1. Identify all residues within the range 270-295 that are surrounded by fewer than 23 Cβ atoms within 10 Å (Cβ to Cβ) and within 22 Å of residue 399 (Cβ to Cβ); write none if there are none.
2. Has the range 344-355 got at least one residue that is assigned by TED's automatic domain parsing to the domain that holds residue 282, surrounded by fewer than 24 Cβ atoms within 10 Å (Cβ to Cβ) and under 16 Å from residue 265 (Cα atoms)?
3. Pairs needed: first member in the range 276-287, not assigned by TED's automatic domain parsing to the domain that holds residue 258; second member anywhere, assigned to a helix (DSSP H, G or I); C-beta distance under 6 Å; at least 6 residues apart or different chains.
4. Return the total of residues in the range 385-424 being farther than 23 Å from residue 331 by Cβ, in a helix (DSSP H, G or I) and touching a helix residue (DSSP H, G or I) at 6+ places or on another chain (Cβ under 8 Å).
5. Quick one: residue 159 ticks every box in (1) under 25 Å from residue 103 (Cα atoms); (2) part of a helix (DSSP H, G or I); (3) at pLDDT 75 or above bar one, so which box is it?
6. If I filter the range 130-151 for residues that are at pLDDT below 75, part of a loop (DSSP other than H, G, I, E, B) and under 17 Å from residue 377 (Cα atoms), do I get at least one hit?
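The values are calculated or read from the model by the stated rules, or taken from the named source; none is laboratory data. Every value quoted in this text rests on a predicted model; they were computed, and no experiment measured them. Counting neighbours? That spans all protein chains shown, and the Cβs are built from the backbone with ideal geometry, glycine included.
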C-alpha cells in the first residue's frame with residue numbers, strides 16, 4: 001500500500017531534492033521556489049477559464065456580421081451556435097467513458113484542449129463562412145471544451161476546504177460574465193468578425209500557456225485504474241442521482257433563457273406603448289440579465305458554504321421558476337417593470353449553478369471527481385439542446401408572451417430533487433454538514 005504522499009509524488013513528480021542526502025543540499029545562493037498559494041492558483045485558474053471559454057461565445061458576436069456580409073440564413077446561423085453545445089456533449093461523453101478528466105494530468109489536458117480549440121476557431125477565418133466547414137470547426141471547439149470546463153472544476157476542487165461553493169461559484173461567475181460580453185459588443189456596434197475570432201483564439205492560446213503555471217491543490221487525488229462502470233455512479237449512487245436531477249432542472253431553464261431573452265424582450269418592448277428604441281432596450285437588458293448572473297453565482301457560493309447547498313439551490317430554483325411564470329404577465333409592460341423581473345431572474349437562474357457541481361464533488365469518491373462532473377455537465381448540456389429549440393417552437397404556436405412559462409417546470413422539479421437530497425444521509429457531506 002502507498003500513502004497519500006507517495007501517490008502525490010507519483011502523480012506530480014518528485015521534488016528536485018527528493019532522494020538527496022545531507023551531502024546533496026541545494027547549492028549556496030540557489031533559492032528554492034515557494035509553493036504556489038491558494039489565492040494565486042485560483043486567480044490564475046479563473047483567468048484561464050475566462051480566456052479559454054471566450055471561444056464558446058465568440059460565435060454569438062460574429063453571426064450578425066456574417067449575416068450582413070454574406071447573407072447567412074437563420075438555419076445556418078443557428079447551426080453555428082448549436083454545434084458548440086453538440087460538440088461539448090460528444091466530448092464529455094468521450095471523456096466520461098474513458099475517465100480522461102481523472103486519468104490525464106489536468107493541467108496538460110486543459111492546455112492541449114485550449115490549443116486545439118484555438119486552432120479550430122481561428123481556422124474559420126480562412127474558410128467560406130457559408131460552408132459546412134464553419135459548423136464542423138465549431139464542433140471541434142465544443143469537443144475541446146470538455147477538457148476545459150470540467151477540468152477547471154476539478155482543479156478548483158483540489159484547493160477547497162470549507163469553501164467549495166465559493167470557489168466553484170467564482171469560476172461560474174467569471175464565465176457567466178464572459179457569456180454576456182457578446183451582447184455588450186452588439187450594443188457597441190460590433191467588431192469585424194475576423195478580429196473577434198482572432199481575439200478569442202489568441203485568448204485561448206494565452207490560457208493554454210498560463211494554465212501550465214497552475215498547480216493542483218493539496219486535496220487532488222490520483223485516480224485508480226479506470227473501469228467504464230465508474231461513470232454510471234452518477235446515476236446508481238442515489239445521492240449523486242438526486243444532485244444531478246436538481247442540476248438538470250436548473251439546466252432546463254438556464255440556456256433557454258440566455259439564448260432567447262433578447263428576442264423575448266424585443267417582442268415585449270415592441271408591444272410597449274411609448275418605447276422609442278425597443279432594439280436598444282432589449283439588447284441592453286439582455287446584457288444586464290446575463291451579466292447579473294455573475295453576482296448571483298458568487299453570492300450563492302458564499303451563502304451555500306454558510307447555510308447549506310440544498311437550502312441555496314431550492315431557494316434559487318423557486319425564485320427563478322416563479323420569474324419564468326411571471327414573464328408572461330410582464331410582457332408588453334414598462335421597462336421599469338420588466339427590467340427588475342429579468343435582473344432578478346438573471347441572478348437567481350445562475351445562483352445555484354455552481355452548487356450542483358460542488359454537491360457532486362463533495363458526494364463523489366475523491367478520485368472520480370473529474371469524471372462525475374464531466375457526466376453531469378454532459379447530460380445537462382444535452383438537455384439544453386431540447387429546451388433551446390422548444391422556446392421558438394412554442395412561440396410560433398402561442399406567441400412570445402407565454403413562451404418562457406414552461407421553463408418553470410425544470411426548476412420546480414429541481415426543488416423536489418434537492419429536497420429529497422436534503423433528507424438523504426449523504427447530505428452531511430455537503431458544505432461541511434450544512435445541508
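1. Matches in the range 270-295: 270, 271, 272, 273, 274, 275, 278, 279, 281, 283.
2. Checked against the condition, which is being assigned by TED's automatic domain parsing to the domain that holds residue 282, surrounded by fewer than 24 Cβ atoms within 10 Å (Cβ to Cβ) and under 16 Å from residue 265 (Cα atoms), the range 344-355 yields at least one hit.
3. Filtered contacts from the range 276-287: no entries.
4. Result for the range 385-424: 10.
5. Checking residue 159 against (1) under 25 Å from residue 103 (Cα atoms); (2) part of a helix (DSSP H, G or I); (3) at pLDDT 75 or above, the one that fails is (2).
6. no
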